[in-house]
Ligand SMILES: Nc1ncnc2c1ncn2[C@@H]1O[C@H](COP(=O)(O)OP(=O)(O)OP(=O)(O)O)[C@@H](O)[C@H]1O
Ligand SMILES: [Mg+2]
C-alpha cells in the first residue's frame with residue numbers, strides 16, 4: 001500500500017458513509033449501502049444479502065450492476081449457497097482472485113453475467129450478523145486488494161450503524177402512530193361518547209314527561225339509536241387501540257356484506273350491532289364460521305319466524321365471541337324429531353367443536369332468539 005492512496009481512500013470511505021447516513025427509510029438505506037460499497041471498492045457488481053432471523057439463508061438480495069432484463073433471465077435470487085454461503089457459515093471477510101477456483105464454488109445459473117474477482121464482508125447490527133456485502137469484478141485491477149478489504153470492513157461497520165438507525169426510526173414512527181391512535185381513541189371516548197350519553201339521558205328524562213304515545217315512541221327510537229351509536233363508537237375505539245394486532249379475518253366486513261346480501265329475502269333488514277374488538281380477535285377461521293352461523297340463523301328467521309324486526313348483535317368480550325339473532329316473530333315451536341332440519345344441529349355442532357354452545361329460545365316479549373357463543377380464540 002503506498003502512502004498516497006490511503007488518505008484518498010479514507011476520504012472515499014467517509015463520502016460513502018455520508019451518502020448512506022442521510023436517509024431514514026430502511027429500504028432506501030439498504031440500497032444506498034450496496035451502491036456506495038460497490039463504487040467504494042470499484043466493483044462492477046455488488047449485492048447486499050440479508051439473512052433470515054436464524055441466519056441460515058438470504059431473505060433479500062439487493063443488487064447493483066445487473067439490469068432488470070438480466071435479473072429476469074437469472075430467475076430467483078440466490079438463497080446463499082456456495083461462495084455466498086461461506087460468509088453465512090462464518091461471518092468474516094473473504095477475498096478471492098477468482099471465485100471459480102474456490103472449492104465451494106458451484107458456478108452460476110444460466111444468464112448470469114461472468115464474474116471473477118470477489119470480496120465479501122459481513123454487515124453486523126448490534127453485534128449480530130444482519131447480512132453480507134458481496135462485490136465482484138474489480139474494474140481497475142484484476143482483483144480486490146487488502147486495502148479494499150479494509151475499506152469495505154470499515155464501511156460495513158458504518159452501514160450497520162445506519163441500518164440500526166433506520167430501524168430505530170421505523171419503530172419510533174410506529175410509536176408515534178400508535179400514540180396518535182391512542183389520542184383519537186381517548187378523544188372519542190372522553191368527548192364524543194360523553195356527549196352522546198348526555199343527550200341520551202336528557203331524551204330519557206323528556207320521555208317520562210311526554211304524553212303523546214307517537215312522540216314517545218319516536219323518542220324511544222332515538223334513545224335506542226344513540227345507544228347503538230355509542231356501541232359502534234366503542235368498537236371503533238377498541239379497533240384504534242388494537243389496530244396493530246389486526247388478525248385479517250375481516251369478520252366485520254364479511255358480516256356487513258352477508259347482511260346486505262340476504263337482506264332482500266328477509267321481512268325486514270336486520271339491525272346490526274358490533275360490540276368489542278372484533279378485528280383484533282376474530283381470525284380468518286372464526287370469521288368463516290361466524291358468516292356460516294349468521295347465514296343459517298337469518299335463513300331460519302326468513303323461513304320460520306314471520307318477524308317484522310330482526311336484531312343481530314356480534315359481540316366480543318373478555319371471554320367469548322357471540323352471534324345473537326333476535327326476531328319478533330311467532331317464536332320457536334317444538335318440532336317432532338322427524339321434522340328437524342339440519343340447520344340447528346349444525347349450529348350446535350359448530351359451537352361444541354369450539355367448546356361453546358348454541359341455543360334457540362323463546363324471547364320474553366315474543367319471538368325467538370338464536371344465540372351462538374364460543375370462547376375467544378387465543
Ligand atoms: N327464528 C325462528 N323462529 C321460529 N322457529 C324457528 C326459528 N328458527 C328455527 N325455528 C324452528 O326450528 C326448526 C329447526 O330449524 P333448522 O334450522 O334445524 O331446520 P330448517 O331451517 O327447517 O331446515 P334447514 O336444515 O334447511 O336449516 C325449524 O323448522 C323451525 O320450526
Ligand atoms: Mg334452518
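Inside the stretch 117-131, can you point out the residues that are touching a strand residue (DSSP E or B) at 6+ places or on another chain (Cβ under 6 Å) and either assigned to a loop (DSSP other than H, G, I, E, B) or farther than 14 Å from residue 85 by Cβ (or both)? 117, 119, 121, 123, 130 - these are the residues of the stretch 117-131 that are touching a strand residue (DSSP E or B) at 6+ places or on another chain (Cβ under 6 Å) and either assigned to a loop (DSSP other than H, G, I, E, B) or farther than 14 Å from residue 85 by Cβ (or both).
Within the stretch 61-97, the set of residues being surrounded by fewer than 18 Cβ atoms within 10 Å (Cβ to Cβ), in contact with a strand residue (DSSP E or B) (Cβ under 8 Å, 6 or more places away or on another chain) and free of Cβ contacts under 8 Å to residues at least 24 places away in the same chain comprises 71, 77, 79. Counting only residues that are under 25 Å from the mean Cα position of the chain (by Cα) and at pLDDT below 85, the stretch 234-278 holds 17 of them. Among the residues making up the stretch 200-223, those that are closer than 27 Å to residue 237 by Cβ and either touching a strand residue (DSSP E or B) at 6+ places or on another chain (Cβ under 7 Å) or surrounded by fewer than 13 Cβ atoms within 10 Å (Cβ to Cβ) (or both) are 201, 202, 205, 221.
Regarding the stretch 329-336, can at least one residue be identified that is away from ligand 2 (no atom under 15 Å from the Cβ), in contact (Cβ under 8 Å) with a residue 12 or more places away in the chain and surrounded by 17 or more Cβ atoms within 10 Å (Cβ to Cβ)? Among the residues of the stretch 329-336, at least one is away from ligand 2 (no atom under 15 Å from the Cβ), in contact (Cβ under 8 Å) with a residue 12 or more places away in the chain and surrounded by 17 or more Cβ atoms within 10 Å (Cβ to Cβ), which makes the answer yes.
Of all the residues in the stretch 288-322, those that are under 23 Å from residue 341 (Cβ atoms), in contact (Cβ under 8 Å) with a residue 60 or more places away in the chain and more than 10 Å from ligand 1 (Cβ to nearest atom) number 2.
Residues in the stretch 260-287 that are under 17 Å from residue 303 (Cβ atoms) and in contact (Cβ under 8 Å) with a residue 12 or more places away in the chain were compared, and the one that is surrounded by the most Cβ atoms within 10 Å (Cβ to Cβ) is 270.
Within the stretch 290-311, the set of residues being more than 16 Å from ligand 2 (Cβ to nearest atom) and either surrounded by fewer than 21 Cβ atoms within 10 Å (Cβ to Cβ) or in a strand (DSSP E or B) (or both) comprises 308, 309, 311.
The values are calculated or read from the model by the stated rules, or taken from the named source; none is laboratory data. Given the structure is predicted, the values throughout are model-derived calculations rather than measurements. All Cβ positions, even for glycine, are placed from backbone atoms using ideal geometry, and neighbour counts span all protein chains on display.
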